[in-house]
Amino acid sequence: MTSEHQVNDQNGGVPGLSAAGLADAPGLRRMYAAALREGATTRGKLAVRSGLPRAEAETAFERLRTLHLLQPAEDGADTYRACAPQVAEVHTLEPLRHRLRDAQERIAGATVEFDALRAVYADAVGRAADDLNVEVLKAADVNVMLNKAAAECASDLMTAQPGGPRPVEVLAEALTRDSELLERGVRMRTIYQHSARYSPATEAYAERLTAAGAEIRTLNTLFPRLIVFDRRLAFVQADNGSGALRISQPDLITFMVGTFEAAWSSAIPYASAYETRKQKVIVSDMQRAIARLLLHEDKDAAIARQLGISERTCRQHIARLMSHLGARNRTHLGYLLATGTSGTPGLEESHHTAATLPKTTARRLTGPPPT
């Protein structure tokens, strides 16, 4: 909603009239009391009579002029006289209230027009007007609608951000918006992929937000990007990768929230890159994920993409797995993983995965051990 201050500034009203004001400042009251005692007097004499330090006296004097509580006297230049509050209030606030009413009327009129034109839009795209609770957003409109949803968010924000480290400029933009949400008391939960832990920019962003009350966890693999505001409005990435779907359909929202909660319960609380390396939990978790994916994927690029890491990092993890399991080559590694003969704690689940593979893949991985 447009504030009186915004309307005033945009329409040439009283400059410097802010919503907060100085009503609780003792200096303002002392300056006004001095003006009432002195009658018509100059700025300099008022500063002296108020007993305020020079800078504080200047601030209080200008504030009283802004509020029309000090007005030029009729009997001389640079001479001012105190005005009664009820008169000054009319001079100060009535123009702003008038402009605010005009702005509210314009908002109401535009809202009616948008409501009427939604039906036209629905006809043009071949959808029912009440089916517009799933809306396709172009790339240029996504941030506008996200910022609007963030500004209206009151209690809860869930975010899933796959793909590993995020660009520095994206994190910088998100930091301001997310900090404002936390200041309003919104509970904020975010899931990244494990690889984001090794990004300095993401680490700095996470430290700032967790210190302000945000909760951040990581997983190996993650579903596509998802943002849910107050369990009533969601944004998911569109198939083309650039746009998004804006979803307000209650049943779909319930499904998305359930999916997020399931992922959140199995995710690992975020820690710095140093702590992550020291604990070695994420590395072993990453290698278990690679072990599972090796049973389904032949391409290193596909595995890396699912885990949000580079191909080089993926190959390094595979080399460590081969060394750890004593595999002579990639085919031998696949055999050890698929048959569960690695004897390595934490990789036993890969044996169960082999049973669900297509027969051709299972045969390739579980045939006689290569020499």
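Screening residue 271 on (1) assigned to a helix (DSSP H, G or I); (2) at pLDDT below 90; (3) surrounded by 15 or more Cβ atoms within 10 Å (Cβ to Cβ) shows it passes everything except condition (1).
The residues listed here are 107, 191; of these, the one that is closer than 30 Å to residue 303 by Cα and out of contact with any Asp or Glu (no Cβ under 9 Å at 6 or more places or on another chain) is 191.
Per this entry, residue 121 is not counted among residues that are surrounded by 12 or more Cβ atoms within 10 Å (Cβ to Cβ) and outside any helix (DSSP H, G or I).
Taken over region 207-238, the residue count meeting the criterion of being small (Gly, Ala, Ser), over 12 Å from the mean Cα position of the chain (by Cα) and modelled with pLDDT of 85 or more is 4.
Being surrounded by fewer than 22 Cβ atoms within 10 Å (Cβ to Cβ) and part of a helix (DSSP H, G or I) is the requirement here; does residue 262 meet it?
On the way: surrounded by fewer than 22 Cβ atoms within 10 Å (Cβ to Cβ): yes; part of a helix (DSSP H, G or I): yes.
Yes: the conditions hold for residue 262.
Select from region 297-309 the residues that are loosely packed, with under 15 Cβ neighbours inside 10 Å and either over 19 Å from residue 165 (Cα atoms) or of a type in the set (Ser, Thr, Tyr) (or both) and write down the one among them that is modelled with the highest pLDDT. Talk me through it step by step, then tell me what you get.
Residues of region 297-309 that are loosely packed, with under 15 Cβ neighbours inside 10 Å, as a first pass: 298-299, 301-302.
Subsequent filtering for residues that are either over 19 Å from residue 165 (Cα atoms) or of a type in the set (Ser, Thr, Tyr) (or both) retains 298-299.
Details: 298: 70, 299: 81.
Only one residue fits best here, namely 299.
Out of all the residues in region 152-170, is one or more out of contact with any Lys or Arg (no Cβ under 9 Å at 6 or more places or on another chain), at pLDDT below 90, outside any helix (DSSP H, G or I) and of a type in the set (Lys, Arg)? Yes, that holds for at least one residue.
May I ask you to list pairs of residues, at least six apart or on different chains, whose Cβ atoms are under 7 Å apart, with the first in region 157-185 being assigned by TED's automatic domain parsing to the domain that holds residue 220 and over 25 Å from residue 258 (Cα atoms) and the second being surrounded by 15 or more Cβ atoms within 10 Å (Cβ to Cβ) and of a type in the set (Phe, Trp, Tyr)? From residues that are assigned by TED's automatic domain parsing to the domain that holds residue 220 and over 25 Å from residue 258 (Cα atoms), the pairs are 171/205; 175/205. If you check 88, 103, 116 for being touching a strand residue (DSSP E or B) at 6+ places or on another chain (Cβ under 9 Å) and either loosely packed, with under 11 Cβ neighbours inside 10 Å or in a helix (DSSP H, G or I) (or both), only one passes: 88. Here 48, 134 are screened, and the one residue that is under 30 Å from the mean Cα position of the chain (by Cα) and either on the phi < 0 side of the Ramachandran plot or touching a residue at least 60 places away in the same chain (Cβ under 8 Å) (or both) is 134.
Does residue 59 satisfy the criteria of being among the polar types (S, T, N, Q), in a helix (DSSP H, G or I) and either outside the structural domain of residue 309 (by TED's automatic domain parsing) or loosely packed, with under 14 Cβ neighbours inside 10 Å (or both)? Break it down stepwise before answering.
Details: among the polar types (S, T, N, Q): yes; in a helix (DSSP H, G or I): yes; either outside the structural domain of residue 309 (by TED's automatic domain parsing) or loosely packed, with under 14 Cβ neighbours inside 10 Å (or both): yes.
Spelling it out, residue 59 is indeed among the polar types (S, T, N, Q), in a helix (DSSP H, G or I) and either outside the structural domain of residue 309 (by TED's automatic domain parsing) or loosely packed, with under 14 Cβ neighbours inside 10 Å (or both).
Please enumerate the residues belonging to region 62-85 that are among the charged types (D, E, K, R) and assigned to a helix (DSSP H, G or I). Correct list: 62, 63, 65.
Here residue 161 clears all of (1) among the polar types (S, T, N, Q); (2) closer than 15 Å to residue 264 by Cβ; (3) over 13 Å from the mean Cα position of the chain (by Cα) except the condition numbered (3).
The values are calculated or read from the model by the stated rules, or taken from the named source; none is laboratory data. Since this is a predicted model, take the numbers as computed values, not measurements. Note that we place each Cβ from the backbone using ideal geometry, even for glycine, and neighbour counts take in every protein chain shown.
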